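Worksheet: one structure, shown below.
The values are calculated or read from the model by the stated rules, or taken from the named source; none is laboratory data. The structure displayed is predicted, hence computed values, not measured ones. Glycine also receives a Cβ, built like all others from the backbone with ideal geometry; neighbour counts cover every protein chain displayed.
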């Protein structure tokens, strides 16, 4: 027992601090999102498709300058027509044969060749060049429309969700009214009015997309409103209220940034839908008018010419392929962003 008492127990040591490796860096949220995004093969494929289309549409015309957007190929073939005229003189019948040279001004429906990579259309325009310039219009119009829709939706949805009450009811009733408007009939009326005006054919599609923006912001506004209704009761909003921040700062600096992940995903997915909408308008001859081209107007030709539909695939198939690539690309990017911005995602 004495020996046991003489033994002194060594005190237990507990490490309260874990040494951190100086070479280890914490990953920022932005870097985590980027890492998750590039882990998805579909996201990378969609990004490649979208970037390729932009390079083709905006850089391609700078490199391929053999033909212009509205430049006709006037190297048509020469044909000869023989006409016969009969007349009688003093009982004798004479026949006069006359050879007429007929010059075809434009090189219509030429097959793909070194001079025309994708051939020419029924008017004599180079299809490859019009495909590039048509992509400019389709992509630019879609981006402008989606950007304006997002701006309007964020502003009105943020105001409705933050203030509530009669302001919320007023904005939501406006949304209900706009969602009830018949889109295509009104577009037909606007297109008829534009036909009677002196507005340049190249800019008609932009006016139509402004109308689409006016009636399409309702979905974004409802999304922002729903998110803000759940966020405005959070602790950081109570703290912002106690700090005396202004209403605009609380909405656009504290609430809207927390809705941005959903907005980014919706914008990327809406781009594909807007390209389809623009293509539909051009296909119905409501969008870009000749001599300018958009992908939809390049396909419009098959609605009135069955011969081109069956025998000249090079005229309309490339434009359809570009539309499919654009829609798939934006949808793949949108799906990848949705997964990357998901805070519950582990991959």
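For residue 127, indicate whether it is within 25 Å of residue 326 (Cα to Cα), surrounded by 19 or more Cβ atoms within 10 Å (Cβ to Cβ) and either touching a strand residue (DSSP E or B) at 6+ places or on another chain (Cβ under 7 Å) or free of Cβ contacts under 8 Å to residues at least 24 places away in the same chain (or both). Full working, then the answer.
Values: within 25 Å of residue 326 (Cα to Cα): yes; surrounded by 19 or more Cβ atoms within 10 Å (Cβ to Cβ): yes; either touching a strand residue (DSSP E or B) at 6+ places or on another chain (Cβ under 7 Å) or free of Cβ contacts under 8 Å to residues at least 24 places away in the same chain (or both): yes.
Against the criterion (within 25 Å of residue 326 (Cα to Cα), surrounded by 19 or more Cβ atoms within 10 Å (Cβ to Cβ) and either touching a strand residue (DSSP E or B) at 6+ places or on another chain (Cβ under 7 Å) or free of Cβ contacts under 8 Å to residues at least 24 places away in the same chain (or both)), residue 127 qualifies.
Out of (1) touching a residue at least 12 places away in the same chain (Cβ under 8 Å); (2) more than 23 Å from the chain's Cα centre (by Cα); (3) closer than 30 Å to residue 251 by Cα, the odd one out for residue 144 is which?
It is condition (2) that residue 144 fails.
Return the pair list, or none, for Cβ contacts closer than 8 Å from residues in segment 299-310 that are free of Cβ contacts under 8 Å to residues at least 24 places away in the same chain to residues that are surrounded by 18 or more Cβ atoms within 10 Å (Cβ to Cβ) and not in a helix (DSSP H, G or I), at least 6 apart or on different chains.
Note: no pairs meet the criteria.
Of the residues 141, 177, 224, which single one is closer than 30 Å to residue 314 by Cβ and assigned to a helix (DSSP H, G or I)?
Values: 177 fails: closer than 30 Å to residue 314 by Cβ; 224 fails: closer than 30 Å to residue 314 by Cβ.
The unique qualifying residue is 141.
Taking residue 264 as the residue in question, decide whether it is more than 30 Å from residue 340 (Cα to Cα), in contact with a helix residue (DSSP H, G or I) (Cβ under 7 Å, 6 or more places away or on another chain) and either surrounded by fewer than 21 Cβ atoms within 10 Å (Cβ to Cβ) or in contact (Cβ under 8 Å) with a residue 60 or more places away in the chain (or both). Show your work before the answer.
Numbers: more than 30 Å from residue 340 (Cα to Cα): no; in contact with a helix residue (DSSP H, G or I) (Cβ under 7 Å, 6 or more places away or on another chain): yes; either surrounded by fewer than 21 Cβ atoms within 10 Å (Cβ to Cβ) or in contact (Cβ under 8 Å) with a residue 60 or more places away in the chain (or both): yes.
So residue 264 does not fit the description; no.
Which residue, of 47, 118, 109, is modelled with pLDDT of 85 or more, crowded, with 16+ Cβ neighbours inside 10 Å and in a loop (DSSP other than H, G, I, E, B)? It would help to see each step written out before you state the result.
Values: 47 fails: in a loop (DSSP other than H, G, I, E, B); 109 fails: modelled with pLDDT of 85 or more.
Only one candidate passes the filter, namely 118.
Restricting attention to segment 283-299, report how many residues are buried (at least 24 other Cβ atoms within 10 Å of the Cβ) and either under 21 Å from residue 72 (Cα atoms) or modelled with pLDDT of 80 or more (or both).
7
Check segment 172-186 and report whether any residue there is over 29 Å from residue 272 (Cβ atoms), over 26 Å from the mean Cα position of the chain (by Cα), exposed (fewer than 14 other Cβ atoms within 10 Å of the Cβ) and modelled with pLDDT of 90 or more. First the steps, then the outcome.
Kept after step one, since they are over 29 Å from residue 272 (Cβ atoms), are these residues of segment 172-186: 173.
Now restrict to residues that are over 26 Å from the mean Cα position of the chain (by Cα): 173.
If we keep only those that are exposed (fewer than 14 other Cβ atoms within 10 Å of the Cβ) too, we end up with 173.
Next, only the ones that are modelled with pLDDT of 90 or more stay: 173.
Yes, the conditions are met somewhere in segment 172-186.
Assess whether residue 328 counts as being surrounded by fewer than 18 Cβ atoms within 10 Å (Cβ to Cβ), over 23 Å from residue 129 (Cβ atoms) and touching a residue at least 40 places away in the same chain (Cβ under 8 Å).
Working: surrounded by fewer than 18 Cβ atoms within 10 Å (Cβ to Cβ): yes; over 23 Å from residue 129 (Cβ atoms): yes; touching a residue at least 40 places away in the same chain (Cβ under 8 Å): yes.
The answer is yes for residue 328.
Inspect segment 331-343 for any residue being under 17 Å from residue 128 (Cα atoms), at pLDDT 80 or above and either out of contact with any strand residue (DSSP E or B) (no Cβ under 9 Å at 6 or more places or on another chain) or crowded, with 21+ Cβ neighbours inside 10 Å (or both) and give the result as yes or no. Spell out how you get there, then give the answer.
Filtering segment 331-343 for residues under 17 Å from residue 128 (Cα atoms) gives none.
No, segment 331-343 contains no residue that is under 17 Å from residue 128 (Cα atoms), at pLDDT 80 or above and either out of contact with any strand residue (DSSP E or B) (no Cβ under 9 Å at 6 or more places or on another chain) or crowded, with 21+ Cβ neighbours inside 10 Å (or both).
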